[in-house]
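A quick write-up on the structure given underneath.
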Amino acid sequence: MKISLNWLKKYVFPINMDENQISNILTDIGLTVKGINNTDKDFILDMEITHNRTDAMSHYGIARDLYAVLRFRGYKVHLLKPEINEEINCNNKSRIQIFVKKHEECVRYSGMFISKIKIEPSPYWLISRLKSIGIKSINNIIDIMHFVMYELGHPIHIFDMDQIEDGKIIIKNAEKNTDFQFSDDIKIKLNETDLVIYDTVKPLSIAGMINNIKSNIHIRTKNIFIGSACFNPTIIRNIRKKHFLKIETQHLFEKDIDPNQTVYALQRTSFLIKNMTKNKIICSDIIDFYPNPVSFSKIKLRYNKIVNIIGRQISRKKIKKILLLLEMMIYYENDKYLFISVPSYRTDVQREIDVIEEILRIYGIHKIPIYNKQIKITTFPKIFYKTEHEIQKMFLEQLVCYGFHEIISSTIINEKEYSYLLNSFFNRKEIRVMNPVNQSHKLMRSSLLFNMIDCIKYNYNNNRIDSDIIKFFELGKIYYKRNNKFLEKTCLGIAISQKEKNESKNSPFFYLKGIIEQIFQKSGICNYTQILSKHPLLENGISMLYNHKNLVEIGKYKNNILKKNEMFYAEIDWKYLVSLIQEKKIIYVPFSRYPTSRRDLSLLVDKTFSFERINQLIKKKENHIIKKIKIYDLYEGSNLPISKKSYTISFFFESKKKTLTDKIINNLMKKIEFFLRKELKAEIREK
């Protein structure tokens, strides 16, 4: 938001202040303001206003807030409210009537008409004011409308009164397929959800934001109607997004504004028009629709709560002074608390904590001491999830949050259906039930994969799925013989299957792998390695090892038993995972205060080299400023030798002690390149 400093000074700098005083107040971030008292020069402040501070989205709003800060810091300044003139000649017999049919969407609507105006170019002062904040001058009436909107932060709209049929303003929802033309070449269709200002025949404006081309003022306009409204901001925002409307003042229409300012905005507009127009204009009385007046919010403010939140005792005298400067009136007090009323323009102050925030803001956060005790690395004796039940609950809840459904299946499988898969699980021999209830089901399962296939097939065949992707998990036991020993093992199986060929950008394999890695990271399991999987039923898969022991198998089920549907499966050694989590110690390390830098490196290596091998080789160098290594791209194909493939690897550098310069990072990248050339015979590709 652009704020003109010369414009701002009209309200809050009427008393002489030297240049250095103003500079110190307005330029805390180090910018020096010179020649500030020179009226021929202007300075534009590009300000970021938080979305909840609608009261500060104007020149007078900024001045009002700045006045409180300056006055509290001891500067002798006054706040000048924009002038209005209530002595305008009025025609009490107003020719305009206002009807509001959507009370919940229109909180207040005020209007007046002005006759015998003359459309002409604006004076220099008005043109220069608007130009300073990037607004192009159109004519004196439109420019005054824009001036008041940027001065007070309250939206207003103007119609050619002679185009208002029967002298009636009706606020209601549009009829279906209503044509609305707001320029010569742009026409849109309105429907029942659009809030529109009508006369008795046609729509005049979409909620005061954009006028119908027929109701706009023009060079021959003599009589105008000025409207000032307070609409429901959610309704306005939805209308604008639906019709892709874009206007310069949309930030005013889409925020909670003060309904108690509509009449004042009209008085200010009529005052400026009267002073600017040479003709003797005639104004009507203000017509005001305000069925449910908004009163000041009343809040109880406790002194002990202020101390608890801020962490420091502030004198009660200073607290009261700040409240009065912010126009928060005290209507009752005792030794323990204050009852205050908050002005209606402070729509963001609704609770006690909001008032405390305002007190701290004006008092100065920099005045609150911060005890700079260095944070020590803390070692916890054990992870928060101690028992297997707690670990199980954490894992399964996480999978449910990712959209997976838990299944519970039989431990006995159909021997005929899976005969071709048996005896293929790493020398596992199936265990047969001697007295089976069903002769076809007499094998104990040696993997959860079989049950996953059954469940997915059943859901496909019976149309029991609502989306194109099935996501299941099961925590259960498997049974097998090895070296004449009967073994029982608990596993966590996770499966994703696509109903048909899905053009989704995210591969199910990497999606499944990413979920497992996130759960591992949450559990403190980070230093695992990855190798190509040797699982007999999974293709293009990987094995995730921890301390050289197999923890997870992930891959694509390579049999066509599911026909056209793909299935990706992961099986986790549950007991081993639980033991790792229970032994893990959580170490808290504070975030670095210095930025992370990234460098990409493209290299050509032999096809037999996996990314994991490259990753482990670099990790062995144990450079403390390499925070993370990620694969960015992999390419095999044309323009490359048949025996080669290309990796693009991203390196992330970060230091706990200082900001890393380009020189430090570039020197380290040269060492990495030399190391990869030496160890892998890699060819570094041009950047």
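What the table below lists for this structure:
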read-out: Length gained when the stretch residue 48-residue 589 is fully extended (0.36 nm per residue, less Cα-Cα span); value: 191.4 nm
read-out: Using a Förster distance of 22 Å, the FRET efficiency for residue 685-residue 631 (Cβ separation, nearest 0.05); value: 0.90
read-out: The chain, helix-only ellipticity at 222 nm - DSSP H runs n ≥ 4, -39,500 (n - 2.57), divided by all residues, nearest 500; value: -8500 deg cm²/dmol
read-out: Rounded FRET efficiency, nearest 0.05, which uses the C-beta distance separating residue 400 from residue 336 and R0 of 41 Å; value: 0.30
read-out: Packing-based exposure ordering (other Cβ within 10 Å, fewest first) of 617, 634, 204, 551; value: 634, 617, 551, 204
read-out: Distance in nm between pseudo-label sites at residue 302 and residue 410 (7 Å out along the Cβ direction from Cα); value: 6.3 nm
read-out: Full-extension gain in nm, residue 118 to residue 168, via 0.36 nm per residue minus C-alpha separation; value: 15.7 nm
read-out: Amide H within-cut-off set for residue 684, under 5 Å, with H built and near neighbours excluded; value: 604
read-out: Neighbour-count order for 355, 196, fewest beta carbons within 10 angstrom listed first; value: 196, 355
read-out: Between helix 508-523 and the chain: long-axis angle, C-alpha atoms, 0 to 90°, nearest 10; value: 80 degrees
read-out: Of 645/681; 172/241; 76/305; 457/522; 489/534, those spanning more than 22 Å from alpha-carbon to alpha-carbon; value: 76/305; 457/522
read-out: Two-decimal Rg/Rh across segment 388-583, once Rg and the Kirkwood Rh are taken from alpha-carbon atoms; value: 0.95
read-out: Residue order, fewest to most surrounding Cβ atoms within 10 angstrom, among 220, 95, 64; value: 220, 95, 64
read-out: Additional length obtainable on full extension of the chain from residue 280 to residue 481, 0.36 nm per residue less Cα span; value: 61.8 nm
read-out: Value of relative contact order over segment 591-684, rounded to a whole percent, pairs C-alpha under 8 Å and six or more apart; value: 42 percent
read-out: Cα-based helix-to-principal-axis angle, 662-680 vs the chain, degrees rounded to 10; value: 20 degrees
read-out: HN-Hα J in Hz across segment 167-178 - Karplus 6.51, -1.76, 1.60, θ = phi - 60°, x for Gly and Pro; value: x, 10, 10, 10, 9, 7, 7, 5, 7, 4, 6, 6
read-out: For peptides 507-518, 143-154, 242-253, sequence by mean Cβ density within 10 Å, most packed first; value: 143-154, 507-518, 242-253
read-out: Karplus (6.51, -1.76, 1.60) ³J(HN,Hα), θ = phi - 60°, over segment 64-77, in Hz, Gly and Pro reported as x; value: 5, 6, 5, 4, 4, 5, 5, 5, 5, 7, x, 7, 8, 10
read-out: Helix 388-401 axis, angle to the chain major axis (alpha carbon atoms, nearest 10°); value: 60 degrees
read-out: Computed E for residue 527/residue 656 - FRET, C-beta separation, R0 25 angstrom, nearest 0.05; value: 0.80
read-out: Label point distance in nm, residue 128-residue 191, each placed 7 Å from Cα along Cα→Cβ; value: 5.1 nm
read-out: 5 angstrom amide H check on residue 329, placed H, neighbours 5+ away; value: 341
read-out: Inter-label distance for residue 219 and residue 461, nm, one decimal - labels placed 7 Å from Cα along Cα-to-Cβ; value: 8.2 nm
read-out: Taking the chain and dividing mean pair separation by its residue count, relative contact order in percent (alpha carbons under 8 Å, at least six apart); value: 9 percent
read-out: Within straight-line cross-link reach of residue 280, lysines at Cα separation under 20 Å, skipping those fewer than 8 residues along the same chain; value: 93, 116, 118, 222
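All of the numbers you see were taken from the coordinates with simple rules; none came from a lab. This structure is a prediction, so every number in the text was calculated from the model and none was measured. Ideal geometry is used to build each Cβ from the backbone, glycine not excepted, and the neighbour counts take in all protein chains shown.
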